[in-house]
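Working notes, structure below.
The values are calculated or read from the model by the stated rules, or taken from the named source; none is laboratory data. Small disclaimer: the values here were computed from a predicted structure and weren't measured. Methodologically, a virtual Cβ is constructed for each residue, glycine included, from the backbone with ideal geometry; neighbour enumeration extends over all protein chains shown.
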Amino acid sequence: MKPFEDSWVLVTGASSGLGHEFARQLAHAGANLILSARSRERLEQLALDLGRVAGAKAHVVPCDLARPGGAGELSAAVDALGVSVTHLVNDAGFGSAGPFVASEPQALSEMVRVNAEAVAMLSRHFLPAMVAAGRGGIINVASTAGHQPVPYMATYAASKAFVLNFSLALAAELRGTGVHVMALCPGPVQTGFQERAGIDHARMFRLAVLSSTETVELALAAYAKGKELFVPGRINRAQTLAAKLLPRPLLTWGALRASERMGRAR
């Protein structure tokens, strides 16, 4: 895809899941990568693979965005590389399932820091140079969960609602600058997210599940077309449309029942 040829793209959460797939497909689209996640070993292996298979240049910048100041540390480390970031993919994020009152406070704090704070701080750091150059942009990975309240995943859904609304607001501010922002709202994707979140994968709504390959392929095509909001998959788009049309109490009740059926209330 021409928007990415010979550009530098920073991908957070690149060691696994959608972030890993973003890195792989961007490399095949001609981009050079700055790969960030917590695991140096996984990132270095990915960088080697991308160089060997796609001929992409890749820098590895390990960083834990859950740490206080993590986004600032990552920004400084990327600046020290001496390359201009044309595109930013804010993919790093995680969730958990279960009653809010039983949640670990530190885990909740880290979730908000990674899912929301880091998205805002990294965007703020890299956007000015993009605007000055009149090109590039940001893909922020939100979720279909960000379109409605989700009992037993209250903090995760709220953090993704932040990403969704933050992205759409930025997209409006940046119109006419040559820079654009897209909120990507995937539904269930075949990654390690469900295992970390404590969701029974066998009970997921299987018809809505997309592969990470298909999700990223569709997302990059939508971003290249200048879309500001993209929900991959017909069932997922129907769900987000319903979230706009149905009364919020009914949405919350439906999400509550679905959470109970999937075992999140334990």
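Remarks
- Residues in region 178-198 that are surrounded by 22 or more Cβ atoms within 10 Å (Cβ to Cβ) and among the β-branched types (Val, Ile, Thr) were compared, and the one that is modelled with the lowest pLDDT is 189.
- Looking across region 213-257 at every residue that is polar (S, T, N, Q) and either at pLDDT below 95 or assigned to a loop (DSSP other than H, G, I, E, B) (or both), the one that is farthest from residue 185 (Cα to Cα) is identified as 252.
- Identification of strands (runs of 3 or more DSSP E) wholly contained in region 1-113 with 3 or more residues that are within 30 Å of residue 153 (Cα to Cα) yields 8-12, 85-90.
- Of the candidates 152, 156, the single residue that is hydroxyl-bearing (Ser, Thr, Tyr), out of contact with any Phe, Trp or Tyr (no Cβ under 6 Å at 6 or more places or on another chain) and in a helix (DSSP H, G or I) is 156.
- Candidates in region 147-177 are the residues that are farther than 17 Å from residue 117 by Cβ, out of contact with any helix residue (DSSP H, G or I) (no Cβ under 8 Å at 6 or more places or on another chain) and not basic (Lys, Arg); of these, the one that is surrounded by the fewest Cβ atoms within 10 Å (Cβ to Cβ) is 176.
- Breaking point among (1) modelled with pLDDT under 95; (2) under 13 Å from the mean Cα position of the chain (by Cα); (3) more than 27 Å from residue 35 (Cβ to Cβ), for residue 145: (3)
- Residue within region 92-102 that is in contact (Cβ under 8 Å) with a residue 24 or more places away in the chain and over 30 Å from residue 259 (Cα atoms) present: no
- Some residue of region 121-134 being buried (at least 18 other Cβ atoms within 10 Å of the Cβ), without any contact (Cβ under 8 Å) to a residue 24 or more places away in the chain and part of a helix (DSSP H, G or I): no
Yes/no matrix, rows are residues, columns are (1) at pLDDT below 95; (2) buried (at least 20 other Cβ atoms within 10 Å of the Cβ); (3) among the small types (Gly, Ala, Ser); (4) in contact with a Phe, Trp or Tyr (Cβ under 8 Å, 6 or more places away or on another chain):
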{"residue": "73", "(1), (2), (3), (4)": "no, no, no, no"}
{"residue": "76", "(1), (2), (3), (4)": "no, no, yes, no"}
{"residue": "82", "(1), (2), (3), (4)": "no, no, yes, no"}
{"residue": "87", "(1), (2), (3), (4)": "no, yes, no, yes"}
{"residue": "91", "(1), (2), (3), (4)": "no, yes, no, yes"}
{"residue": "97", "(1), (2), (3), (4)": "yes, yes, yes, yes"}
{"residue": "101", "(1), (2), (3), (4)": "no, no, no, no"}
{"residue": "104", "(1), (2), (3), (4)": "no, no, no, no"}
{"residue": "109", "(1), (2), (3), (4)": "no, no, yes, no"}
